[in-house]
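The values are calculated or read from the model by the stated rules, or taken from the named source; none is laboratory data. Only a predicted model underlies this, so the values are computations on that prediction, with no experimental measurement involved. For neighbour counting, all protein chains shown are included, and Cβ atoms are generated from backbone atoms with ideal geometry for every residue, glycine included.
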Amino acid sequence: MLRYALTRGVLLIAGLLVSSVVIFFTLRVLPGDVAQLIAGTQASPDQVEAIRASLGLDRPLLAQYTDWIGGILHGDLGTSQLSGASVGAELAEKARVTWPLALMSMTIAMLIAAPFGVMSAVLRGRAGGTAMNVAAQAVAAVPVIWAGMMLVVVFAHWLGWLPAQGFPRTGWTTPGRAFESLLLPAMTIGIVEGAMLMRFVRSATLQAASQDFVRTAAAKGLTRRQALIRHGIPAVGLSIVTVLGVQVAGIIVGSVVIEQLFTLPGIGRMLVTDVGTRDLVKVQSELLVLTGFVLVIGFLVDLVHHAIDPRQREEAV
Amino acid sequence: MTLFRTPRRSVRLAAIGILAAGALVLTACTGSAEPGPTSGGKIDANATLTVGLVLEPDNLDIRHTSGAALEQILVDNIYEGLVSRTQDNKVEDRLASSHEISPDGLTYTFTLHDGITFHDGTALTSADVVASYETVKTDATVQGNTEFSGVASITAPDEKTVQIVLTKPDQDFLFNLTGPAGLVFKTGDTTDLKTAENGTGPFVLKHWTKGAAITFDRAEKYWGEKPKLSEVVFQYIPDFTAGVNAALDGSVDVLTAVDPNLVSQLKDTGDFTITTGQTTDKATLAFNNAEAPLNDKRVREALRLAIDHKALVEAVGAGQTLYGPIPELDPGYEDLSKLVPYDPAKAKELLKEAGKEKLDLTLTIPSFYGTTVAQVLVSDFAKVGVSLKVDRVEFPTWLDQVYKNHDYELSFVLHVEPRDFGNWANPKYYFGYDNKQVQDLYAQSQAELDPAKSADLLKKAAKIVSEDDAADWLYNGETLTALTAGIKGFPKDSINSRIDLAGVTRTAG
């Protein structure tokens, strides 16, 4: 187990390093830079050059990269070239919107996927099961942005139950309003992700029900349902853990779109704004943190997988 | 500075105003004061005023960062220069009690007011002015560096006097001192200007909640007449609908840059006074004069004749037509509407003559400008056989492609800076417009000592630029401000670039 974790850990770090290189150099391809933006439209090329030099943007790219990555290794995400503010501090602040949004989305997705997925598997071949399956197919195919707009129309405009957009300026000091403003966005992501997850739960349940060990258990005197719960569900849980790992990445990407649509002051929105102002030190640190987050989740999923699946343990030995 | 003082109009848009203009809507202006607080209740000396603004600054370092968002709130309120601007764009003394210009137009002598202090309590002397201006002159990363290129020397003959000598007369020099270049900072100050301040103005920075609001308090030890407001909160609301909602539910007392399409929601309640302010925002449809096919005057003229300017202004919702490079608030303005009648038939003829009956053109436009202008242009141009492709780009991309590399055919941005005619006399500017006569006239206007004669020279030059169809000026932006009852003296014109709050009052109750 330890050896497995170590190998995976090394892979994780290598993955982060490669990502940092890709992120850094891809961003440098974007046209325009922050010096030109600071200088404005009345500035002469000399002035722009002077600002560029004062920001260190005239130094070789490799030096800029090692500076940045050196800071990261010391736990310093750098400072914004535009505002001079600490990137780490701002990320932490914006996470106060994005984290709750992700958790709420995930919860909603699970609440939809687990019961309906198992039910549609159990009802397979009957009208109810088929209907659920078709509905899930359809919802999973809906673009997040469209789903969001539809929910706004229904819950904000027609029913008037929830705010159409925005986050209270008072933040979590007014928890009720903050929660309320995250509900529609979380539902948007949760429903679409939940529909995808539901189809997965369904097929995993079906697969488990037909496994030899479930049939054997049933043959040894358990009811079919007992066999499924005792032996089938752990196997299903395994695959769901894997899929959840992938879902996290989906929810993060989804939050970038959703935070725009609902004008939420979260990480996704900050990222879009920072790309728009070419505040690249900030953008690259934000991207690296997000990438790191996804990779770490993947790493944990691998470990959990390894721990609960006896077959994998044997292979690794 | 009496209570009835006319607020200054501050037209100057900081360097880029464009960003600010993101507000698509011709944001607001400072300006014209309402009459004094005579009617209604008593002035509340402890009043708080909450002002809704659109564009939040990225940092507060006005020395190093361009942008109307900074100038709008900081100049005159937090920081002051030797001189400032009045409502009608005239220069007036601020930190200086008087100034004198030598007959040859080369030597400017300023006498400072007594008792001026920075917010940390240190007295301001002529040495601080000299040090501040020396920095502007020598440090290219400081805003206004190019405006100081003609400065030969800055000296302090005594503690109350500052003398600036130019290498050649410069009609705009004094006006430029009313912008960021002229602000006075404490010598050797260690304040982090990005997040804090140590100015001399009537207000001090209390705190800044990033992404939400900036709060100013009255400077209790202000050297001049104390402001009547005790506290001012600038509430940043980037979304126009959200801004109107904030005004409706009372979370802001004043809403600037009201979206013209939403203004009726506020008007209908009867609770708001709506003011329409002038700006120097020039909605500029730039032609790349240096490259085919727009190096052909017939093509440029045809495009201008094809645009129905009145319909365009109506579609935009707030603004006036403008047919030349100089807006009404700047010296050298003249109504040039006769040069560009709406005449699609003639446009077609001109295109035929130029051998361009079918023409494909690309318009590069920063994405924060909304779609109205581009839609009108696409449909107007289609009527004369020009098919317009609209390339919406991020603003930094626009700066790189269009502004820096001149890689474009047509471009649209709002040029908000006052007195920026010099761009038409600079062949290296992205317009690519190179006319020796215009350059000479502009140089003469700058060297001319008499402001009226200088304006006449500018007028001539501006007419030539428009006759050459160097660009099209689609409209001159206007800015709408909504005020709740009891607020007096809030500026009206050009408040997208300066909101002088010293004369604003609020009645109690």
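Please specify each residue of segment B:386-402 satisfying the condition of being more than 15 Å from A:Val275 (Cα to Cα) and more than 7 Å from chain A (Cβ to nearest Cβ).
B:Val386, B:Ser387, B:Leu388, B:Lys389, B:Val390, B:Asp391, B:Arg392, B:Val402
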Item to check | Test: residue in segment A:94-107 that is free of Cβ contacts under 8 Å to residues at least 40 places away in the same chain and within 19 Å of the chain's Cα centre (by Cα) | outcome: yes
Next on the checklist: Just to be sure before I move on: is A:Leu101 in a helix (DSSP H, G or I), among the hydrophobic types (A, V, I, L, M, F, W, C), within 14 Å of another protein chain (Cβ to nearest Cβ) and surrounded by 14 or more Cβ atoms within 10 Å (Cβ to Cβ) in the structure I sent?
Outcome noted: no
Checklist entry - Is at least one residue of segment B:364-382 more than 24 Å from the chain's Cα centre (by Cα), of a type in the set (A, V, I, L, M, F, W, C), outside any helix (DSSP H, G or I) and on the phi < 0 side of the Ramachandran plot? => result no
Checklist outcome for this item: Of the residues in segment B:115-128, those that are free of Cβ contacts under 8 Å to residues at least 40 places away in the same chain and part of a loop (DSSP other than H, G, I, E, B) number 1
Checklist entry - Got a number for residues in segment A:34-55 being within 7 Å of chain B (Cβ to nearest Cβ) and in contact (Cβ under 8 Å) with a residue 12 or more places away in the chain? => result 5
Item to check | One residue from A:Thr130, A:Thr173, A:Thr107 being more than 30 Å from A:Arg230 (Cα to Cα) and of a type outside the set (A, V, I, L, M, F, W, C) | outcome: A:Thr173
Item to check | Filtered residues of segment B:235-256 (kept if in a strand (DSSP E or B) and either at the interface with chain A (Cβ under 9 Å from one of its Cβ atoms) or more than 17 Å from A:Pro265 (Cβ to Cβ) (or both)) | outcome: B:Gln235, B:Val254, B:Leu255
Item to check | Breaking point among (1) modelled with pLDDT under 95; (2) assigned to a loop (DSSP other than H, G, I, E, B); (3) more than 20 Å from A:Gln47 (Cβ to Cβ), for B:Arg63 | outcome: (3)
Next on the checklist: Taking the condition of being part of a helix (DSSP H, G or I), under 23 Å from A:Met106 (Cβ atoms) and of a type outside the set (A, V, I, L, M, F, W, C), how many residues in segment A:159-187 meet it?
Outcome noted: 7
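Residue-wise test of (1) basic (Lys, Arg); (2) away from chain B (no Cβ under 14 Å); (3) in contact with a helix residue (DSSP H, G or I) (Cβ under 7 Å, 6 or more places away or on another chain).
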residue	(1), (2), (3)
A:Trp158	no, yes, no
A:Ala178	no, no, yes
A:Arg199	yes, yes, yes
A:Arg224	yes, yes, yes
A:Leu228	no, yes, yes
Checklist entry - Which residue pairs have Cβ atoms under 6 Å apart, sit 6 or more places apart or on different chains, and have a first residue in segment A:243-263 that is on the phi < 0 side of the Ramachandran plot and a second that is outside any helix (DSSP H, G or I) and not acidic (Asp, Glu)? => result A:Glu259/A:Gly266; A:Phe262/A:Gln165
Item to check | Selection count, segment A:58-93, where residues are within 12 Å of chain B (Cβ to nearest Cβ), of a type outside the set (Val, Ile, Thr) and either in contact with a Lys or Arg (Cβ under 9 Å, 6 or more places away or on another chain) or not in a helix (DSSP H, G or I) (or both) | outcome: 9
Next on the checklist: Checking the structure you have, find out if any residue of segment B:497-504 is modelled with pLDDT of 90 or more, among the aliphatic types (A, V, I, L, M) and not in a loop (DSSP other than H, G, I, E, B).
Outcome noted: no
Next on the checklist: Quick check on segment B:198-219: of everything there that is within 14 Å of chain A (Cβ to nearest Cβ) and assigned to a loop (DSSP other than H, G, I, E, B), which residue is farthest from B:Ile237 (Cα to Cα)?
Outcome noted: B:Lys210
Checklist entry - Looking at (1) surrounded by fewer than 19 Cβ atoms within 10 Å (Cβ to Cβ); (2) closer than 30 Å to B:Ala455 by Cβ; (3) touching a Leu at 6+ places or on another chain (Cβ under 9 Å), can you tell me which one B:Leu336 breaks? => result (1)
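Kindly indicate which of B:Ile237, B:Ile154 is on the phi < 0 side of the Ramachandran plot and modelled with pLDDT of 95 or more.
B:Ile154
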Next on the checklist: Looking at B:Tyr222, B:Tyr236, can you tell me which residue is closer than 24 Å to B:Asn77 by Cβ, of a type outside the set (D, E, K, R), surrounded by fewer than 22 Cβ atoms within 10 Å (Cβ to Cβ) and in contact (Cβ under 8 Å) with a residue 60 or more places away in the chain?
Outcome noted: B:Tyr236
